[in-house]
Each structure stands twice: as structure tokens, then as C-alpha cells.
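Read through the structure below, which is laid out as C-alpha cells, and then see the notes.
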């Protein structure tokens, strides 16, 4: 027993000897490091780390202690680096990296493997090239992101394994940039998917203006203007002087017809950059649209002052001067462009228009011809050249150039309208109607074309077509009395008297007050049998015509108001003193009142001008009969019968008068 005890003690002594040596070495190292740290701290830190590694390695091999991980030896984007356990590896889509080795207590690394979680190529990824874009795409696709758009992706790490056990884990910090979202969105062909990705980027990138501008642009193109405006406003909260965002926001407001807001934005753009020609141009156009021409001129002038060779704005300045009928300053702008710009055509076209406006037709013709020498298919120049020729009285050249313009630009309604007007001037109504119809087909609401068509159809007595266009004009211009007056006449000619009356009444209500209007309304009332209303309208005709007096006289005669009838027929006879019918009607009116002498007198005057009217003889015969002048009556009735055997009055009275005269003769014999 004693021997075994001694042997055990000797064994323990043998085992503890290396331990004593190791302990001594460690103690010595610690003492040296303490002294070095006091005098050279940085070197000391390095030595401390190395000392710890030595200690841990010795413990691992000698005492079989737990293994320690220190860092990864890596190469990232061509540069060597070390990544420690508490140091996340930052990765962007541009990066690529390789793990060269894992530094641990296991110097040989026999049991050490490295695996890139989620992207690894196998059991051990040491020496494998890893692309950052693969990781970024995977993170974005799965939505594994921390707030802020960049951070560690918890599901993805570099795992350092000792055997089957995880020795250490180095998190991968994935940095997602606006370019990533744009790239990822562009990779999708589905616009909804693109929007979803960008919306996600916006929600987690509170200060990212770029992504917001991208998404806002998509919204604007899709017509989601409210969403676009909201995002552009967020961008401007981040950077109030973001000119691109301001410009696009202004465009959104313009599309929403919020012109005042767009004006303020362009004013801000001009304040930010006084050389921003596009901002000046946009501001000027908006002011023009709002009708503030003087302010628009001032804006264009300021832009030209800043940049005298901005020919596009000079052209706009010339154009607005021209529209304001300020021909001289317009010409000055056009001439400057012609003298200095390489592209002179737009200015020459404007110059031609200015000359055309002030009737300098020869100068206008010259300008338009110069434009056409460069652009022979310029339909506008051809159409305006036609107008210049029209001013010179050269209708043939006018028509020829308008035909060319219409052939080149068949879809321009103005050209077809002008061509129609040219045909109309030459009294080619059918051709004019064809061109006006074409203009209206291109621009259905063109009131000018409708008016010309209505007039031409009316003129050519095609009242059904005239009515069609007048009705459209009436809807578009419900305050235009002339349209309703024309409608009244057209409906009258179509014998649609009720519609005729209604339109005449509308014309009168709107202020029209002509003799023809009252006369035509009276006529329509008469055709409807509404005689009282007809007479009321006839009496409003001023100055009255013989037709009006005749109508009034006829009415009063029918109403057995012979005195009024006589009064009006006398006026007619005064206007037409050599017309039989005037005296015949006056004779009828006197006869209706029992004034037989006056009736006979007027019948006899009527016969001086017309002895072929059986009605006059019949009326005279009746008047003689009423006066007891039977022989004269028989003679007049006989004349009436000879002219018209169908005259019932004469045929009926002749036998009776013959008997009466025979009886009187017999009485005298007795």
C-alpha cells in the first residue's frame, strides 16, 4: 500500500511539472506585459492579445480547455482585412469577399469550418468568392431589414464551426441603398410589384429623397397625382431646394389644374437659380395660361436679360408680343433670332405671322416662302402663306396653298376650315361644305364650322341640315338670339310651325326685335290657326309693310270689322296705286260695311288695271245689285261668268236678274 501511494505521488509530480512550467511562463509574460503597457501602451495591447492567444492555445493543447475564436482572415474588394467576433461585416451590392481562414486556438484548423449562412456553397466556404449582390437581393426579396434601410440581417451570418458546434457567429450587416430598390424594382416587369418594393423602401428610409422621387415619378406617370404630390412634398421637407423635385411637383399641380400652386413653385425655382431658363419658361407659360400677359412678358424679359442667346424664350417672348398685338417688339425678337440663331425657321414663321397681322402681305409671303424652302411640308407655313395671298387678293394662290396644307396635315381642323372659307368666297358651296364638315369631324365642338355649315345649308334651302347645326349652336350659345331666329325661319320652311314659333319667341326674349321677326312669328301663328296671336305680332311690325297691312286688313275683314279693314286696305292701295288687287280688296272691305258707292268706285278702278279678274266683276255685280242697278249688275255678272263659268255667284245671280229685269219690263208695258 505504501509503495502504491509513493508511485501515485511520483506520477502526480510528473503531471504537475509542465503545469508548473506553464504557470511560470505565464507569470513571467504577465510581468513583462505590465511593464511594457506602462511604457508603450499600443505595443502592450498587441502583446496582450498575443499573450492571451498563447495562453489559450497552450491551455487548449495542454489542458484540453475550450477552444477560442479570434478573427477571420478575409479579402474584401481586393483588400486584406480581419473581422473579429464583435465586428459585423458590412456588405453592399457592389462588394465581393473571400474568407481566407478562421484564426482560433486550433493552429492547424483541422476541425474548423466556415459557412456563409444563406449563400454558402457547401460545408466549408473558406476560399469561396461571395458576391454581395446575391446577399442584398436575398435580403430584399425576403424583406429582412432593420429600420433605416441598412443593418444586420439577423438570419444571415458567417458561422465558424468547431466540428459540429458553432464556435462563433459574425453578423452580416447588409446595406440597402436607393439604387438597390431602383435596381430591384426595374428587375420586375409588374408595375404593381415595382411600386410595392419602392413603397417598402420609402417606409424604412425616412431621409431618403432618391427613392421617394423614383416612386413619385411612377405615381405621376400612372396618373396617381395626389400620391406623387405627397412624396415630392416629403422630398422637399428633406431638401427644400431640390430643384428636380420642385419641377416635377409643379408639373403635377399643372396636371391637376392647380395653376396658382405651380406658379409659386416656378417662382421659387427662379429664386434658387436665376439662370434656370426652364423655370423662367414654365413660369411664363403659366402666367400666360392664367391671362397675366404682362407678368409673362416680364418673366421672359428677365430670362432673356440673363441669357440673351436663349432663343427658345426669345421666341416665346415674340409670340406673346404678337398675341398682344405689339407687333414692333415681336418683330424685334424674331429678327434677333433670325440674325443670331442657327435654327431660324421658327422665328421666320413668327415674323411672317407678325407681318400678316399688320397686312404687310409681301413681307409675309417672303418669310413663309423662306420657311418652306427649308421645310417644304410645313403645313402651318403653307396655310399662312395662303392667308397672305388672300390679303393680296390672289384667291387662286390662296386656294392652291390651302390644298397643299390640307394634303400634308389632314388632321388639322383649322386648315380645313380655312380651305372651306376659300371655297365659300369663290361661291363653291359644295366644296366649302365638304371642308367645313371635315373640320367638324376633326373638332366636333367647333362652333365656327357649325355656323358656316348652318349658313350654307340655309342659303341653299337645305333647311333640314341647317336645323341640325343651328340646334347644336343653340346648345353651345343659348344667349345668341340670331341662332334662334334662324332656327325659327328654318322650321317654318319645313312647315314645322310649332317649333318655328318657339324659336322665334326665344329670339325675341333674348332681345331680338326686327320687323321680319315679328312678321315671321305672326305668319307661323297664322299657320297654326292662332290668329289673335298672329295679329298681335303683325301690329308690332315697325315699319309695317304692305304684307302686314294686308294681313291685318284680311283679319279685320274676317272679324267683320270693316272700318279697320278699310283703313289698312287704303294704306296698301296708297303703296300700290296701280295694282288691281289693292282696289279690289278695298272694294270688298267697303262692301262688307255696306258702303256700296265706295265699293263700286274701287271695283271700277281695279278694272282699269285688270279686266281678266272674274272676282272683281262678281264683286261689282253684287254692289250694283245692292244699289238696285240690276242692268249694270247683270252686265258685271255676265262678264264674270264669261271669264269663269265656274263662278258660282255669277252663275246663280244671272238667271234671277234676267227674270227680275223681264218682270220690270212687263210692269212698264202694263
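FYI, it's all coordinate maths here, none of it is from the lab. In this text the structure is predicted, and so the values were computed from the model without any measurement. With ideal geometry, Cβ positions are generated from the backbone for all residues, glycine too; neighbour counts draw on all protein chains shown.
The chain has equivalent-ellipsoid semi-axes of 115, 32, 20 Å, by the square roots of 5 times the alpha carbon gyration tensor eigenvalues, sorted largest first.
Restricting the calculation to Cα atoms, the stretch 69-176 shows an Rg/Rh of 0.95 when the hydrodynamic-style radius is the Kirkwood one. What is the distance in Å between the Cα centroid of the stretch 445-484 and that of the stretch 593-622? Result: 48 Å between the Cα centres. Shape descriptor for the stretch 166-286: Rg over Rh equals 1.12 (Cα atoms; Rh from the Kirkwood inverse mean 1/r).
In this rough spin-label picture, where each label sits 7 Å from Cα along the Cβ direction, the residue 341-residue 441 distance is 3.6 nm. With Cα atoms as the point set, the radius of gyration and Dmax of the stretch 311-417 evaluate to 13.3, 37 Å.
For the stretch 528-650, the Cα-based Rg and Dmax, in that order, read 15.1, 46 Å.
Looking at the stretch 598-654, what % of the alpha carbon pairs are farther apart than 20 Å?
Roughly 13 percent, once rounded to a whole number.
A Stokes-Einstein calculation at 4 °C with viscosity 1.567 mPa s, built on the Kirkwood radius of the stretch 201-260 over Cα pairs, returns a diffusion coefficient of 115 µm²/s.
Just to confirm the number: angle between the C-alpha axis of helix 429-442 and the first principal axis of the chain, 0 to 90 degrees, nearest 10? That helix lies at roughly 30 degrees to the long axis.
Report summary: the helix-based calculation at 222 nm, which adds -39500 (n - 2.57) for every DSSP H run with n ≥ 4 and divides by the residues of the chain, gives -22500 deg cm²/dmol.
Any idea what angle helix 293-306 forms with the longest principal axis of the chain, computed on alpha-carbon atoms, 0 to 90 degrees, nearest 10? The angle comes out near 40 degrees.
Each of 59, 322 has some number of other Cβ atoms within 10 Å of its Cβ, and from fewest to most they run 59, 322.
At a Förster distance of 51 Å, what's the computed FRET efficiency of residue 661 paired with residue 494, Cβ-Cβ distance as r, to 0.05?
0.40
Highest mean packing comes first when the peptides 563-574, 355-366, 123-134 are listed by Cβ atoms within 10 Å, giving 563-574, 355-366, 123-134.
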